[in-house]
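Enquirer: Have a look at the structure that comes next, please.
The values are calculated or read from the model by the stated rules, or taken from the named source; none is laboratory data. Here the structure is a predicted model, which is why all the values come from computation and not from measurement. Here the Cβ positions follow ideal geometry from the backbone for every residue, glycine too, while neighbour counts run over all protein chains shown.
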């Protein structure tokens, strides 16, 4: 039982039952991983009945330390990753919904911004995540309500390597990019500690041919302006395992980031004439206790999330003197607690109950406005920061019952009830079923149906100006059904695949619309019918002892249709695809390993994203055209007595494609990064 | 293994088959336009969406009822930019102010080709030509009016005011003799009178919260429309007002108060200068000598979101734009002076302003 | 002779052709009627169930006919429309006036607002039977003051028993007790009436003159400090200023006075208290000048009160003496009149009031002119407050008979904002007052040698149609002695 088996087990079976011999340091430098048929075709655990889940394997997560979770998902799933530029805001949307319909948790704690509802995945380094999975549609209800599209579940895991381990990676890349990574682990039979740190800096001043401007009649070669990045992350973990079914854990992740907000390609202002940057300092910390017995388990967690965000827009007056135009600040403090219990009852029943509470404290202030005071009816007298200070208490409660009446059938039902401030969501029911059609090929049918509600964010409700305290929660109703298979032959091949059809209706979709007074306000306006097909497939093929091929692909067809009533006599948006939701998206990820060499090829595709609600394709200025992206990585590993060394060359956008992911936001052409990795062998003596 | 191959081939084939393979992000052809210089022509300035960079320019020929969209991009092969605010005709050049791109393009009104380019702004809103070598440019969130030379494309100075950078702003400009009168809209409550011979503010007048637009009537009186700010604004909120101001003495002669909740904007005058028009859900009309505000709109159309307004200076026909849902092609409705619908045509996103050739 | 006859002929013929007329041209120019809406706005609003009065100003309407129509139906043929509606909605009403030369029409829009839910009637607590606006009194030795409960609801024949430092001094059906301030010190005065009782403190201060502050060369004639600004609700209250605390309200008054602009005292009882940086001497002549907006036809009279700083603490917490005027002892004048104002439950509503004479009414919300949310002063924390003072009988009436021309003839003399020959002393905007006119509680002269504080109080509880409530306006107060 070697590496592959361990990985698969790690993903499929509950946390504490783990193979113990996954070696940190391996005397065999080969990238060929063993294929274990039993692991691939193993029965699904009861807790996964009817669940539509995409798990990201460690091969994908460990591909490249410079990658964020957003980059990993781009090439390894069919969700839509919307990137505002290299090293800029990246959001994730499932099944034709929007970024705020994706719920995100880290070690059990939800990390969606209570202000904005969404999560910036470019701020999550893939090297800090050991276990990532996507829960599609109804399946997200096992984690949280409000995931009208789905949920992303991120977690860290204790390192299994006994004794002292260390890994250091240095990356040097195009556009003045430097990535440094260090991890130190130590563990014995009871204690496990791990410290990880990442420091990334990039001038991010790539050049691109700007087809949106002309200088002297020519399209100029422009530089990405104001996009410099400086990110630092440190993650400390300590676990204590009694060896008798109890584990205590502490995870603390501190992040400090300063990033420029790149200018549009149609901006004619000089880059010296303004500073446009955002800063974020976040501490996320979770304490956990897992208590496991044969027929029941108890998990308790407590956590804290503290975020300070700043956005500054500073401008040159025209004489070299800088004036602060926007000074927006927000502080988010969240205290979190959660308990979860699982009971296994005779007759193949499993009951789960979950209670989580979040207390958010949010202060948000925006540009300093000058206001009138008292009796003075002309002139300006006082400057104030405009914003809000809100505390919101949220309670998430969840119960589920799962039952396997026979070896082939699994049934599950759950109820969820959530409290936001003083408002309860209506009951959120969900049902799931699972049927093993054929043992040969492990062919399994899955189906689920659920309601869902997403409560408005604090900005939706209270933003100054425009916040609308009368907003209703968004309502969702969704169904899905699919078939999956998995087949394998030990040390020869493995193959898994899944096709899912889904259908969902979202009512009272919140949209921010402009007012005549020069600000925007959110309203419950849209009715959306989002449906489609998600497919994914993957497998290994071992030609012989030295050669191995790994392929992974996904494809989604996601019509997301505005089904509301026309808002205007001239409204042409009814029956059209939503803005910035691609109809088609696909990714393929293949790697070929030959002994200690590995070549990885990554490919992704998004169809056109419309920027207008009427899906205008006559326009020549408002289109974000389809694009393919091709990246390639070549790795070589050396094992010497004192250390394991690996070298890696990544070439991104190998065909130097000119493209936009978001309208008029520059994207880089071909670029390179070289990595040197070192793992000293402390066990040598 | 065969299954895998088949499946992957199928996925790839399907993906590629669904690609609209003809279009690509890249260079664009320049189209040749040459519109008939006789007769009137209407430019429609489509703001686009903030931070989308999808502003555009449309051109409509009232005689043939023919509209051409995205003419700036098609004629020049590059984009107009982010949030086009206004266009002013002067000396045979159309000056297009693109707010969030920080640029002003001077175009040939017949070929739509770029002739001049003014940069160095941070947030320009309007341009007013004083002489062939001198123009004023107003900015939002800037207390200064820029003095520029459109020939050398340089900023030659500033008209300073007593406002500050965070909330100071100047908007539209109306000429009165050697003076320019400008309204301070965002978080302000005044109009200013600038002496163009000295480039200094000589008078200021408090008119009410957020003077939004201005127009000069046939009697040489200045009309100012305030939008009153918005509810819960730190700056205050009041009912919108329409004021008649004597530009000479710079005093308020008459104030009309709108009822609470009115959202009035886009004040303009007809060709004779004896009737005022503005938007407040519908199109409203009032003779300049009326004793009180009208109680009913002149043109109202259920299910419309009126966004921009202009009156043909030659024949008094009324053009009103509809922004629909703000993220799709807007529509312009053309009415006779009696309020009869003559034509409708599609333009770009958020058609906020107009300019007559 | 020939010559004579020629002359005669000439004269005769001249006389024949000459004519002399003595007539007045009286050709009527055909003019159709003219309609002017009373406040330059055609937007009206009212609460469902209320009555709205619309009285346009008409010209050229001799023998004209009037027709008010709503959706084509005639709803009135009177010049003045009295419109009632119980439904919350928007209505358009057209007025057409026709005379022999033609007809003219105009249209108005009426927003009928839903009535807010009625607040629960507050139970009247027992101690509402009487009120003591003040419980601590400062009085100079040698004077006497009247202590008494106010706003007694009904006479019940029960005795009022007064004690001073525990010694009973009076027991009778008369509610008031005259305290003679003889010896310096603090006295506890108690009054009981059946189950009710109240303790008062009277501090007898050093005799008059102890705290006298003579004017010096650096003394300023204008008041040096505003101590209190408590207007009654009114159309100018909260307009173009926001004061959330009494201090902010005082700052507003200082700002306005510095610009010689008026502050409005709102309805009855609204008052302003101010002090000088020196004592103003009683010279027997006019010593105090109060600037306001004076109109020959429209008085908005306010009563002036004065006070000596009897305890020398620099604060107006001593005894007020009313300055008598022409109508102080008139039968129609009510002393100790009080009005209680109630905070409206929502913006745009009139302010309800009740008085201690059993009357009630409202300070009308003037949709056309004054758009601030509330006419109830924002800096009054309580949901109701009571103002008391001397009320003069209002003389205001509608001279036009159509609601368009309201007048309020002035009083003889002795009031602020009151046009008269006696106390204006030839100025255009100032009434002048004599300290020698200060009277005690019983109307007898107070004989004050000097004063330190002045209070102006609106003396009228009246409303003039579209002009709204009668409200005293004050632009400044000064020591006339120093200006001479």
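Enquirer: Please enumerate the residues belonging to the stretch C:307-324 that are in a strand (DSSP E or B) and in contact with a helix residue (DSSP H, G or I) (Cβ under 6 Å, 6 or more places away or on another chain).
Expert: From the stretch C:307-324, those in a strand (DSSP E or B) are C:307, C:320-323; that's our starting set.
Of everything in the stretch C:307-324, just one residue is in a strand (DSSP E or B) and in contact with a helix residue (DSSP H, G or I) (Cβ under 6 Å, 6 or more places away or on another chain), namely C:323.
Enquirer: If residue A:316 satisfies all but one of (1) away from chain B (no Cβ under 14 Å); (2) touching a strand residue (DSSP E or B) at 6+ places or on another chain (Cβ under 7 Å), what's the number of the condition it fails?
Expert: All conditions are met except number (1).
Enquirer: Within the stretch C:463-484, is even one residue more than 11 Å from the chain's Cα centre (by Cα), outside any strand (DSSP E or B) and without any contact (Cβ under 8 Å) to a residue 40 or more places away in the chain?
Expert: yes
Enquirer: Is it fair to say residue A:75 is in contact (Cβ under 8 Å) with a residue 24 or more places away in the chain and either buried (at least 24 other Cβ atoms within 10 Å of the Cβ) or under 28 Å from residue A:290 (Cβ atoms) (or both)?
Expert: On the way: in contact (Cβ under 8 Å) with a residue 24 or more places away in the chain: yes; either buried (at least 24 other Cβ atoms within 10 Å of the Cβ) or under 28 Å from residue A:290 (Cβ atoms) (or both): no.
Here the answer is no, as residue A:75 does not meet what is asked.
Enquirer: Output the residues belonging to the stretch B:264-280 that are more than 17 Å from the chain's Cα centre (by Cα) and on the phi > 0 side of the Ramachandran plot.
Expert: Of everything in the stretch B:264-280, just one residue is more than 17 Å from the chain's Cα centre (by Cα) and on the phi > 0 side of the Ramachandran plot, namely B:273.
Enquirer: Which number in (1) more than 14 Å from every other protein chain (Cβ to nearest Cβ); (2) free of Cβ contacts under 8 Å to residues at least 60 places away in the same chain; (3) surrounded by fewer than 20 Cβ atoms within 10 Å (Cβ to Cβ); (4) in contact with a strand residue (DSSP E or B) (Cβ under 8 Å, 6 or more places away or on another chain) marks the one condition that residue A:275 misses?
Expert: (1)
Enquirer: Let me ask something else. Please work out if residue A:192 is more than 30 Å from residue A:295 (Cβ to Cβ) and part of a strand (DSSP E or B).
Expert: Working: more than 30 Å from residue A:295 (Cβ to Cβ): no; part of a strand (DSSP E or B): yes.
No: the conditions fail for residue A:192.
Enquirer: Can you tell me which residue among A:284, A:308, A:294 is away from every other protein chain (no Cβ under 14 Å) and assigned to a loop (DSSP other than H, G, I, E, B)?
Expert: On the way: A:284 fails: assigned to a loop (DSSP other than H, G, I, E, B); A:308 fails: assigned to a loop (DSSP other than H, G, I, E, B).
Of the residues listed, the single one that is away from every other protein chain (no Cβ under 14 Å) and assigned to a loop (DSSP other than H, G, I, E, B) is A:294.
Enquirer: As an exercise: evaluate residue B:284 against (1) assigned to a loop (DSSP other than H, G, I, E, B); (2) more than 7 Å from every other protein chain (Cβ to nearest Cβ); (3) touching a strand residue (DSSP E or B) at 6+ places or on another chain (Cβ under 9 Å) and give the number of the one condition it does not meet.
Expert: Of the numbered conditions (1) assigned to a loop (DSSP other than H, G, I, E, B); (2) more than 7 Å from every other protein chain (Cβ to nearest Cβ); (3) touching a strand residue (DSSP E or B) at 6+ places or on another chain (Cβ under 9 Å), the odd one out for residue B:284 is (1).
Enquirer: Here is a further query. Looking at the stretch A:518-531, is at least one residue within 14 Å of chain B (Cβ to nearest Cβ), outside any strand (DSSP E or B) and either crowded, with 19+ Cβ neighbours inside 10 Å or at positive phi (or both)?
Expert: The answer is yes, given that some residue of the stretch A:518-531 is within 14 Å of chain B (Cβ to nearest Cβ), outside any strand (DSSP E or B) and either crowded, with 19+ Cβ neighbours inside 10 Å or at positive phi (or both).
Enquirer: Report yes if residue B:160 is touching a residue at least 40 places away in the same chain (Cβ under 8 Å), surrounded by 23 or more Cβ atoms within 10 Å (Cβ to Cβ) and either within 21 Å of the chain's Cα centre (by Cα) or more than 8 Å from chain A (Cβ to nearest Cβ) (or both), otherwise no. Write out each step before concluding.
Expert: On the way: touching a residue at least 40 places away in the same chain (Cβ under 8 Å): yes; surrounded by 23 or more Cβ atoms within 10 Å (Cβ to Cβ): no; either within 21 Å of the chain's Cα centre (by Cα) or more than 8 Å from chain A (Cβ to nearest Cβ) (or both): yes.
The answer is no for residue B:160.
Enquirer: Among the residues of the stretch B:332-340, is there at least one that is in contact with a strand residue (DSSP E or B) (Cβ under 9 Å, 6 or more places away or on another chain), crowded, with 23+ Cβ neighbours inside 10 Å, assigned to a strand (DSSP E or B) and within 14 Å of another protein chain (Cβ to nearest Cβ)? Walk me through it before giving the result.
Expert: Keep residues of the stretch B:332-340 that are in contact with a strand residue (DSSP E or B) (Cβ under 9 Å, 6 or more places away or on another chain), which gives B:332-337, B:339.
Then drop every residue that is not crowded, with 23+ Cβ neighbours inside 10 Å, which leaves B:332.
Imposing the further condition that a residue be assigned to a strand (DSSP E or B) reduces the set to B:332.
When the remaining residues are screened for being within 14 Å of another protein chain (Cβ to nearest Cβ), the result is B:332.
Scanning the stretch B:332-340, I find at least one residue that is in contact with a strand residue (DSSP E or B) (Cβ under 9 Å, 6 or more places away or on another chain), crowded, with 23+ Cβ neighbours inside 10 Å, assigned to a strand (DSSP E or B) and within 14 Å of another protein chain (Cβ to nearest Cβ), so the answer is yes.
Enquirer: Scan the stretch B:239-258 residue by residue and report those that are more than 28 Å from residue B:85 (Cβ to Cβ) and either in contact (Cβ under 8 Å) with a residue 60 or more places away in the chain or more than 9 Å from every other protein chain (Cβ to nearest Cβ) (or both).
Expert: Answer for the stretch B:239-258, where residues must be more than 28 Å from residue B:85 (Cβ to Cβ) and either in contact (Cβ under 8 Å) with a residue 60 or more places away in the chain or more than 9 Å from every other protein chain (Cβ to nearest Cβ) (or both): B:246, B:248, B:249, B:251, B:253.
Enquirer: To continue, here is another question. Exactly one of (1) closer than 30 Å to residue B:56 by Cβ; (2) touching a helix residue (DSSP H, G or I) at 6+ places or on another chain (Cβ under 9 Å); (3) in a strand (DSSP E or B) is unmet by residue A:551. Its number?
Expert: (1)
Enquirer: Of everything in the stretch A:319-361 that's within 14 Å of chain B (Cβ to nearest Cβ) and in contact with a strand residue (DSSP E or B) (Cβ under 7 Å, 6 or more places away or on another chain), which residue is nearest to residue A:251 (Cα to Cα)? Write out each step before concluding.
Expert: Taking the stretch A:319-361 as the starting set, the residues that turn out to be within 14 Å of chain B (Cβ to nearest Cβ) are A:319-328.
This time we only want the ones that are in contact with a strand residue (DSSP E or B) (Cβ under 7 Å, 6 or more places away or on another chain), so: A:322-328.
Numbers: A:322: 41, A:323: 41, A:324: 38, A:325: 38, A:326: 35, A:327: 32, A:328: 30 Å.
Only one residue fits best here, namely A:328.
Enquirer: Provide a single number: the residues in the stretch B:46-65 that are more than 17 Å from residue A:660 (Cβ to Cβ), touching a residue at least 40 places away in the same chain (Cβ under 8 Å) and either outside any strand (DSSP E or B) or away from every other protein chain (no Cβ under 14 Å) (or both).
Expert: Matching residues across the stretch B:46-65 total 6.
Enquirer: Right, here's the next one. Kindly list the number of the only condition in (1) at pLDDT 95 or above; (2) over 27 Å from residue A:257 (Cβ atoms) that fails for residue A:233.
Expert: (2)
Enquirer: Same structure again: Considering A:600, A:558, A:612, which residue is surrounded by 19 or more Cβ atoms within 10 Å (Cβ to Cβ) and within 7 Å of chain B (Cβ to nearest Cβ)? Write out each step before concluding.
Expert: Working: A:600 fails: within 7 Å of chain B (Cβ to nearest Cβ); A:558 fails: within 7 Å of chain B (Cβ to nearest Cβ).
The conditions single out A:612.
Enquirer: Another question about this same structure. Condition first: within 20 Å of residue A:574 (Cα to Cα), surrounded by 23 or more Cβ atoms within 10 Å (Cβ to Cβ) and either more than 16 Å from the chain's Cα centre (by Cα) or away from every other protein chain (no Cβ under 11 Å) (or both). Now tell me which residues in the stretch B:288-324 satisfy that.
Expert: Matches in the stretch B:288-324: B:324 only.
Enquirer: Next question. Return yes when residue B:261 is surrounded by fewer than 18 Cβ atoms within 10 Å (Cβ to Cβ), at pLDDT below 90, within 12 Å of another protein chain (Cβ to nearest Cβ) and not in a strand (DSSP E or B) and no when it is not. Full working, then the answer.
Expert: Numbers: surrounded by fewer than 18 Cβ atoms within 10 Å (Cβ to Cβ): yes; at pLDDT below 90: yes; within 12 Å of another protein chain (Cβ to nearest Cβ): yes; not in a strand (DSSP E or B): yes.
Answer is yes for this residue.
Enquirer: A follow-up question, please. Answer yes if at least one residue in the stretch C:21-28 is surrounded by 10 or more Cβ atoms within 10 Å (Cβ to Cβ) and more than 28 Å from the chain's Cα centre (by Cα), and no otherwise.
Expert: Of the stretch C:21-28, the ones surrounded by 10 or more Cβ atoms within 10 Å (Cβ to Cβ) are none.
No: zero hits.
Enquirer: Residue B:73 is checked against (1) more than 18 Å from residue B:330 (Cα to Cα); (2) in a helix (DSSP H, G or I); (3) facing chain A (nearest Cβ under 9 Å) and fails just one. What number does that condition carry?
Expert: So residue B:73 meets the others, but not (1).
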